[in-house]
Each structure stands twice: as C-alpha cells, then as structure tokens.
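Peer 1: I'd like to ask you about the structure that follows.
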Amino acid sequence: MASAAELLLILPEIILALLGLVILAVDLFYLRRRADGAARSGWLGYFTLISLVLVSVASYLWGRESILKDSFPRLFAELSLRRTLFGGAFQVDEITLFFRVIFLLVAALVLLLSLDRKWGEHEGEYYALLVFSVLGMNLMTGAGELITIYIALELTSISLYLLAAFDFRRRSVEASLKYFLFGAFSSAILLYGLSLVYGFTGTTNLQDIANFVFEYGGLPGLVQTGQGLLLGIAFMVAGFGFKLALVPFHAWAPDVYEGAPTPIAAFISTGSKAASFVVVLRVFQVGMRLAAGNAEWGTWSGWSGLLALLAVVTFTGANLMALPQRNIKRLLAYSSIAHAGYMLIGVLLGTAGGSEALFYYLFAYVLTNVGAFAAVIAVSRVVGGEEIERFAGLSKRSLPLAGALTVLFFSLAGVPPLAGFFAKFWLFKATFDGGLVWLAVVGLVNTIIAFYYYLRVLKAVWFEQPVEDTPVKTSDAVSVALLATTLLVILAGILPQWVLSNLESSGHVMT
C-alpha cells in the first residue's frame with residue numbers, strides 16, 4: 001500500500017487524473033443533457049485551461065523543498081529521501097519536476113490555440129484526452145521500470161491517436177489512422193524489445209538491469225554470450241525510433257502533422273517528443289549505460305555508435321527532404337525530425353553536460369515549435385491554406401505576426417541571441433567536449449542546410465507581394481500564445497542561465 005509521502009509526491013499526477021475524469025463527467029451528465037446548446041459556450045475549455053495553469057504553478061512550487069518543509073514538516077524528512085517510489089516504478093527527481101511544468105505549460109498553450117475551434121458535442125472528450133495525454137507524459141518522465149514506461153507511453157499515444165482525428169475531415173481521419181497503425185506497429189516492436197530485455201535479465205527495473213549488465217562485464221561480456229540482450233536493445237532502438245520519428249522510421253510524421261488539427265500537430269511535435277526523449281535517456285543512460293560502446297569515427301560499437309549513425313541519418317535526411325516542401329506544416333514536420341536527430345546526440349554522449357544540453361534543447365524547441373504552429377494557425381485561418389506561397393507579403397498584412405514568425409523561425413534555425421542558438425551551442429559544445437568532433441562537424445553543416453528552408457518562408461513573408469491586402473487578424477487566444485512563446489524564446493536566449501540554473505542538477509541524475 002502506498003504511503004502518504006508517496007501519494008504526496010505524485011499529487012500533480014493524481015490531480016490530472018481526477019481533472020480528466022471531472023471533464024468527462026461534466027460533459028456526459030451536464031453538457032450532453034442541454035438540448036438548447038447554451039451550455040456549449042466554451043467555458044469548459046477555459047475551465048480546463050485555468051486548471052492546467054494552476055496545476056503547473058503548483059507543480060513548480062511543489063518542486064521546491066523549502067515549500068514542502070514549511071507545508072509538511074513531519075513528512076519532509078521522508079519526502080526528501082524517498083525520491084524512488086512504488087518499488088522503483090516511479091522516480092521524482094529534478095528531471096521529473098522540471099518536465100512536469102513544461103508539459104503542463106505546453107498543454108495550456110495548445111488549449112489556447114484550441115479555444116476558437118468548434119468541437120461540438122465532442123468538446124469534453126477533446127479536453128479530457130488532452131489532460132490524459134499530459135498525465136501520460138508526466139508518468140513517462142518519471143518511470144523507472146519497463147512496464148511503467150510502456151503503460152505511460154501507451155496512455156499518451158492512444159490519447160494522441162484520437163486527438164489527431166478531431167477535425168472529422170477525411171484528411172484528419174486518414175492522418176489519425178496512419179498515426180495509429182504506425183504507432184501500434186512501433187509499440188509491438190518496442191514491447192518485443194522490452195520482453196527480450198526482461199527475459200534475459202529477469203527484471204524490469206532500470207537500476208537492476210544496470211547491475212545485471214555490470215555483473216555480465218558490460219558490452220564485451222554481452223558481445224560474447226549476451227546476444228539476446230543486445231537484440232532486445234536493437235528492437236528498443238527501432239521502437240523508440242518510430243515514436244521519435246527518426247529516419248528511417250519517420251514516414252508517418254509529415255502526413256500526420258499535415259492532416260491533424262494544427263494545435264494537436266503542435267502538441268505531437270513538442271510534448272510527445274520531449275517525453276519520449278526523457279524516456280530514451282533514462283532507459284539507455286540508467287539501464288544500459290555499460291553497454292554504450294563507442295561513437296567515435298570509424299570505431300562505432302554498442303548502442304551509442306548505433307544512435308550516432310541514426311542521428312546523422314536523421315538530421316541529414318530530414319533537412320534534405322525539407323528543402324522542396326511547399327506546405328508549411330510538412331516543412332515543420334521535417335524540421336521536427338531534423339531536430340530529433342540533433343537531440344539524439346544529447347542521449348548518446350553520456351555526460352552531465354550532454355544531458356543538460358539536451359534538456360535545454362528540449363525546452364527551447366518546445367516553446368519555439370508551439371509558437372511556429374500558432375503562427376500557422378493565425379495565417380491559415382485568414383488565407384484558407386497552409387502552402388508557403390500563402391504567407392507571401394505577410395509583413396504587409398500583419399507586421400507583429402510577421403515579426404513573431406521571424407523570431408521563431410530564426411530560433412529554429414539557430415540564430416543568436418535566441419533560445420535555439422544556445423540550444424545548438426550547448427549541444428555541440430558538449431559534443432566537442434565528449435571527443436565526438438566528427439559528429440559535431442556534421443551537425444553544424446546540417447544546421448547551415450536547414451537555414452535555407454527556414455529562409456524560404458521568411459523570404460515569402462518579407463520580400464514577396466501579398467495575393468490580397470486584407471489584414472491578417474488573430475484571435476485573442478492565439479495572440480496570447482504567440483506572444484508568450486515569442487517572448488520566452490527571446491528571454492531564454494538573452495538570459496540562458498535562467499533556464500540552465502534549473503538544469504544544473506538534472507544532468508547529474510543521469511551520470
């Protein structure tokens with residue numbers, strides 16, 4: 001039976017679960033019984049938004065031990081020591097605390113982008129699924145054993161499969177079906193890999209798996225007589241590759257991003273990806289650390305060598321495939337795939353600096369990408385399409401919107417002094433410090449390639465003539481989301497220590 005201290009430490013997750021159930025109950029027993037439709041005035045969306053903001057603020061305060069000490073003096077000693085809960089199934093550490101707040105804020109931004117849309121009788125289901133997906137992401141970041149990881153991953157995935165179809169158009173339903181089929185296939189591959197690891201080690205706990213690999217003699221011992229575990233690792237890499245849309249497991253991503261409702265495309269490309277990267281980091285750097293091998297040029301071995309090659313193939317392939325794109329959501333899809341390749345470097349480095357760089361990169365990427373999709377929503381609602389040529393002359397139709405889009409795309413490209421620049425700077429610095437000069441050089445070359453397709457969009461925005469002169473007016477909700485993300489991207493770039501100070505101890509959790 002769980003102790004009071006354990007329940008207090010997972011209070012944000014308990015609140016999210018209850019919030020999702022309350023939304024469903026209100027929708028089922030109140031909104032659906034109102035025949036006049038007056039109840040569907042959008043207040044449920046605002047209720048969910050306010051709830052998520054309050055939970056995010058509470059989660060941030062909950063992570064401050066001084067507040068816990070003042071609030072629960074009798075339990076503080078137990079709370080400060082018991083960071084591993086339920087027999088190792090869940091961990092409350094600096095990483096969990098940091099990403100709790102990130103996922104809740106991203107969900108709040110996605111809700112802002114969703115408030116203007118008419119979900120009709122499915123309004124309650126939409127908001128509940130969004131809450132449940134955040135719950136799954138929170139559980140993913142704190143999971144300390146394989147079964148918990150898989151259940152949390154599926155909770156997130158199933159919620160997103162359904163949300164991807166919420167436009168109820170043919171394109172949206174096709175995107176959802178493709179997302180589901182690829183997701184189910186990748187889940188099967190991942191589950192098979194997890195079962196091989198369990199069958200070989202006899203445990204699902206990541207720390208116990210690490211102890212087993214140590215007793216086996218690390219990678220050399222596994223190469224000699226532990227091929228079953230190595231095969232399980234290979235299947236896990238493939239399964240996570242699908243979830244992260246790494247090349248060559250990326251085929252679902254462009255179609256899903258293009259077909260899904262734009263707020264959900266933003267959520268899939270940010271929250272889901274960030275949670276998956278934290279899981280991958282925990283699995284490989286905690287459970288499989290001694291099987292890492294070598295990622296140096298020409299001497300690749302173990303899973304770190306495999307991830308290094310996968311990272312190069314991913315950001316190179318995605319950047320090249322992004323060059324001819326004409327639809328901005330597909331372009332952002334390939335951009336997202338390329339960024340996943342860069343972030344994979346942070347996983348394989350195996351250093352505190354590499355982990356901190358990855359966390360900062362995830363923070364910057366999440367904010368920037370949500371803002372970019374917010375700009376797409378603002379423009380596409382007026383011009384009636386998502387092709388890049390429809391952004392022509394945007395600076396003459398809405399200067400603030402064009403300015404925000406420029407800041408966000410420059411951040412994605414890695415232009416100083418924005419958050420995206422420092423994300424790449426810290427990542428490549430950690431790569432150089434880790435002795436992987438070849439990987440850093442290839443990454444820098446790809447950054448230059450990516451700069452071209454971001455400039456294609458900005459060229460249309462600033463230097464091409466608009467098709468019509470009608471001003472582009474954004475709704476208040478979209479404007480707030482766009483303003484918030486743009487300012488945070490600038491602030492995190494000018495004052496990177498503001499973020500890094502919260503990440504100093506997070507990187508050491510993995511070393």
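Computed from the coordinates by the stated procedures, all read-outs in this text should not be read as laboratory data. What you see is a predicted model; the values in this text were computed from it and never measured. Cβ: placed from backbone, ideal geometry, glycine included. Neighbour counts: every protein chain shown.
Peer 1: Please order Asp27, Asp255 by the number of other Cβ within 10 Å, starting at the fewest.
Peer 2: So the residues, fewest neighbours to most, are Asp255, Asp27.
Peer 1: So how far apart, in nm, are the two label points at Glu154 and Leu309 if each is 7 Å from Cα heading toward Cβ?
Peer 2: 3.2 nm
Peer 1: Between Arg170 and Glu121, with labels modelled 7 Å along Cα→Cβ, what's the label distance in nm to one decimal, could you check?
Peer 2: Between Arg170 and Glu121, the label points sit 2.4 nm apart.
Peer 1: Let me know the Kirkwood hydrodynamic radius for the stretch 347-488, please, with Cα pairs as the basis and the value in Å to one decimal.
Peer 2: Values: mean 1/r = 0.0620 Å⁻¹.
Hydrodynamic radius (Kirkwood, Cα only) of the stretch 347-488 equals 16.1 Å.
Peer 1: Another question, if that's okay. In whole Å and largest first, what semi-axes does the C-alpha gyration tensor of the stretch 372-420 yield when each eigenvalue is scaled by 5 and square-rooted?
Peer 2: 21, 11, 9
Peer 1: Can you pull out the trypsin sites (Lys or Arg not before Pro) in the stretch 100-168 that DSSP calls coil and that have at most 12 other Cβ atoms within 10 Å?
Peer 2: Lys118
Peer 1: If you take the charge dipole of the stretch 160-293 about its Cα centre, with +1 on Lys and Arg Cβ and -1 on Asp and Glu Cβ, which of Gly232, Thr201, Ala266 is farthest toward its positive end?
Peer 2: Going by the Cα projections, it comes out as Ala266.
Peer 1: While we're on this one: Sort Trp498, Trp300 so the one with the fewest other Cβ atoms within 10 Å of its own Cβ comes first.
Peer 2: Trp498, Trp300
Peer 1: Take the residue pairs Lys118/Lys473; Lys273/Lys429; Lys396/Lys424; Lys329/Lys473; Lys243/Lys329 and return only those whose Cα atoms are more than 30 Å apart.
Peer 2: Where the Cα-Cα span goes over 30 Å, the pairs concerned are Lys396/Lys424.
Peer 1: So what's the back-of-envelope 222 nm ellipticity for the chain, counting only DSSP H runs of four-plus at -39500 (n - 2.57) apiece and dividing by all residues, rounded to 500? Don't skip to the answer; put the middle values down first.
Peer 2: On the way: 25 runs with 372 residues, N = 511.
It comes out at -24000 deg cm²/dmol, rounded to the nearest 500.
Peer 1: What does the charge dipole of the chain about its Cα centre add up to, to the nearest 20 debye, if the Cβ of each Lys and Arg holds +1 and the Cβ of each Asp and Glu holds -1?
Peer 2: 780 debye
Peer 1: Given H placed on each backbone N at 1.01 Å, which residues far from Asn294 in sequence or on other chains put an amide H within less than 5 Å of it?
Peer 2: Counting only residues 5 or more places away or on other chains, the set is Ser301, Gly302, Ser304, Gly305.
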